[in-house]
Structure formats: C-alpha cells, structure tokens
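Asks: There's a structure below that I have some questions on.
The values are calculated or read from the model by the stated rules, or taken from the named source; none is laboratory data. Computed from a predicted structure; not experimentally measured. As a convention, Cβ positions derive from the backbone with ideal geometry for all residues, glycine included, and neighbour counts pool all protein chains shown.
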Amino acid sequence: MPLHLSRRNLLAASALLPLGFHLPAMAAPVNGPYRVGAFTVTPLRDGLFPLEPSMIPAAESQAGQALLKGAGLPAKGPSPEPVNAFLIRRGDRHWLLDAGCGTVLGPGFDRVTAALAAEGVRPDEVETIWLSHLHADHAGGLLTPNRLARFANAELVLQEREVAYWSDAAARAPAPAALSPMFETAQAVLAAYPGRIRRISGEAELAPGIHALPLPGHTPGHMGVLIADGSDRLLIWGDIVHSRILQMPHPDWTVIWDTDPAEAITTRRRILDRAAVDGLRVTGMHLATTGKIKRVDAGYALV
Ligand SMILES: [Zn+2]
C-alpha cells in the first residue's frame, strides 16, 4: 500500500524526522488525571511537536491561516501539538497506552519515563502496553537509545494488521525514502520484543471494561481504546486528530503521514459523528484535554 506523499510533503516529512523539537513541554500544561468510573487515566506528556501547515497540506490556504490566527498562533504556523502516552489504572492494576517518541525523533521528547516515575511506576513494572499504532511518536519510547527493549517485562498488544503492515517488505518498497525511519523504528520495536507481541483483531477486549476500537486509515491497524465503567466512558482515539485547530472544523484535511488518506477521512468522520451522537468523551495522543464532540457547520468542535 503506497504512502501518498508528494515530493513537497516528502521534504516536510524528512525535515520532521531528524529534527530536535525545541518547544518546552511547559508551554502546554498537562491536564488530568481523568476519572472514568473506577479507572484513572493519566496523560504522560512526552513533549510538543511544532506542526507546520505543510504537514496538513490543505491548511496551506487562507482558511488554514485564518484558523491558526484565530487561535492566537502565527498564520503560517507552527502550531505546538502535544505528544501523549497514557497510564491507565484500576485498583492495583495498571496498563500503558503508547510510549511516546523515546529518542528517535530528537532531543525534545522522551519524557514518558520521567512522567511514569512521577506516578510511581518503573518501566520494569509495566506488564502490558497497548499500542494505538507503530509510528515513531507512539512506539519510539519502547526503545532505549541502543534500540533495546526499555520495558523489560512488558507484552506489547496491537492490531494484527499493524504488525503485518510494518513487517511487510512490499509495503516498504514503494514508500518514500523519507519515511524509512518510520519503518526502521517500527521494525526495531518488533525486533526488540521477541515473543512479547500479542496480536489482536477488531474490537478485542483489552482488560475488563476496556476495548480496542479499530480506526484504520492513518495506518492500517490504527486503533483507539474505549474505557467504560457503568455509564462513564472515555475514548482515547489515537491520531484521529493531529491538530484540533485545523482538523476539527475540517475533518477532510489529512496529514502527510496517513497510509490511506481517503480511509483516514472516512474513519475520522465516522468516529467524530459517533462521538457527537453518543455524547462520548474523547481524548487523544495529540490533544491537550478531554471533551465532547459537537457538530459545527460542516465540521466539528471539541467542547
Ligand atoms: Zn502521532
């Protein structure tokens, strides 16, 4: 499945990967923890990345500039966006959802381990890590700088389709060279946890009250995690939105890292609509807060 990148976007993507992001994490306070019935969900802020409009090409427009300006940002960006992992706890059990960038995207990240320590959790105490997908800003933190397993006793849980895609030489061959680091990180993660990868399919139960929710398009096995206790629910939707400012009002605006942009749009519209209709509380790896979804004009808003 080819990655749909123009030459220009490819330059933007290649600029991102080796870059050290220098935005201080202090620039966006970390909300939470969030309560979901008996569950406690704590966002672990790995860092902030400066999202350039060129990473959402439709935002290189008057409409995009107006949205950025309206949010108090420079009209041509960048927009600082959080990179989060999540610690989910119930009673004496805990689980990790994603692991941040680690050191693979430069020196501005890699704060998940410290955030975990602040919660009293050592990496060797983590038994289960659910992965929304295998992009470097979610899975890089599973590796030490020497590309060994950072979590000595953890099992990784992810969609079968995600493992298959990043393991497939036929998928990598047509992908632009600039995305090689994404494949390298994904494959390094799979290699660093031999015998500790659990593949799931569809809406599998991850733990009592917690289910996987396949959200394909951004990557083939991209998934969210739906936490429910009684009538209290929270959907952690992975990378459905990389920019709340730009993509909530324009769900058709895709990021350059989507494996299948058309499917990513369909999935984004479907889940935004479901959240709006069901009154579902959501958060994500690139959202700084939780909220509910409201339809506004032809798009949506987080309220
Ligand atoms: Zn991401």
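Asks: Restrict the check to the range 135-144 and report whether at least one residue is touching a residue at least 12 places away in the same chain (Cβ under 8 Å), surrounded by 15 or more Cβ atoms within 10 Å (Cβ to Cβ) and on the phi > 0 side of the Ramachandran plot.
Replies: Checked the range 135-144: no residue is touching a residue at least 12 places away in the same chain (Cβ under 8 Å), surrounded by 15 or more Cβ atoms within 10 Å (Cβ to Cβ) and on the phi > 0 side of the Ramachandran plot.
Asks: Out of the range 275-303, which residues are of a type in the set (S, T, N, Q) and part of a strand (DSSP E or B)?
Replies: If the condition is that a residue be of a type in the set (S, T, N, Q) and part of a strand (DSSP E or B), then 283 is the only one that fits.
Asks: Give the residues of the range 117-136 that are closer than 23 Å to residue 207 by Cβ and touching an Asp or Glu at 6+ places or on another chain (Cβ under 9 Å), sorted by residue number.
Replies: Matches in the range 117-136: 127, 128, 129, 130, 131, 132, 133, 134.
Asks: Still on this model: Among the residues of the range 156-184, what is the count of those that are within 16 Å of the ligand (Cβ to nearest atom) and of a type in the set (Asp, Glu)?
Replies: Final tally of qualifying residues: 1.
Asks: Scan the range 80-105 residue by residue and report those that are part of a loop (DSSP other than H, G, I, E, B) and among the hydrophobic types (A, V, I, L, M, F, W, C).
Replies: If the condition is that a residue be part of a loop (DSSP other than H, G, I, E, B) and among the hydrophobic types (A, V, I, L, M, F, W, C), then 99, 101, 104, 105 are the ones that fit.
Asks: If you don't mind, there's one more thing I want to ask. Sort out for me the helices (runs of 4 or more DSSP H) sitting completely within the range 158-274 that have 1 or more residues that are modelled with pLDDT of 95 or more and surrounded by 20 or more Cβ atoms within 10 Å (Cβ to Cβ).
Replies: Counting at least 1 such residues, we get 160-167, 180-192, 244-247.
Asks: Moving on to the next point. Could you list, in sequence order, all residues of the range 134-177 that are touching a Pro at 6+ places or on another chain (Cβ under 6 Å) and among the aromatic types (Phe, Trp, Tyr)?
Replies: Selection gives 151, 165.
Asks: Residues to consider are 163, 112, 126, 157; find the one that is more than 30 Å from residue 35 (Cα to Cα) and either of a type in the set (Lys, Arg) or touching a residue at least 12 places away in the same chain (Cβ under 8 Å) (or both).
Replies: The conditions single out 163.
Asks: Being assigned to a helix (DSSP H, G or I) and among the small types (Gly, Ala, Ser) is the filter here, so list the residues in the range 32-61 that pass it.
Replies: 54, 58, 59
Asks: Restricted to the range 112-155, and to residues that are within 16 Å of the ligand (Cβ to nearest atom) and in a loop (DSSP other than H, G, I, E, B), which residue is nearest to residue 236 (Cα to Cα)?
Replies: 132
Asks: Could you look through the range 213-234, keep only residues that are touching a residue at least 60 places away in the same chain (Cβ under 8 Å) and within 16 Å of residue 268 (Cβ to Cβ), and pick out the one that is farthest from the ligand (Cβ to nearest atom)?
Replies: By that ranking, first place goes to 220.
Asks: Can you tell me how many residues in the range 59-100 are in contact (Cβ under 8 Å) with a residue 60 or more places away in the chain, under 22 Å from residue 133 (Cβ atoms) and out of contact with any helix residue (DSSP H, G or I) (no Cβ under 7 Å at 6 or more places or on another chain)?
Replies: 7
Asks: Please work out which residue is farthest from the ligand (Cβ to nearest atom), limiting yourself to the range 235-252 and to residues that are of a type in the set (Val, Ile, Thr) and under 17 Å from residue 222 (Cβ atoms).
Replies: 236
Asks: Another one. Among the candidates 267, 290, single out the residue that is in contact with a strand residue (DSSP E or B) (Cβ under 8 Å, 6 or more places away or on another chain) and β-branched (Val, Ile, Thr).
Replies: 290
Asks: From the list 64, 108, 77, exactly one residue is away from the ligand (no atom under 15 Å from the Cβ) and either acidic (Asp, Glu) or not in a helix (DSSP H, G or I) (or both). Which is it?
Replies: Only one candidate passes the filter, namely 77.
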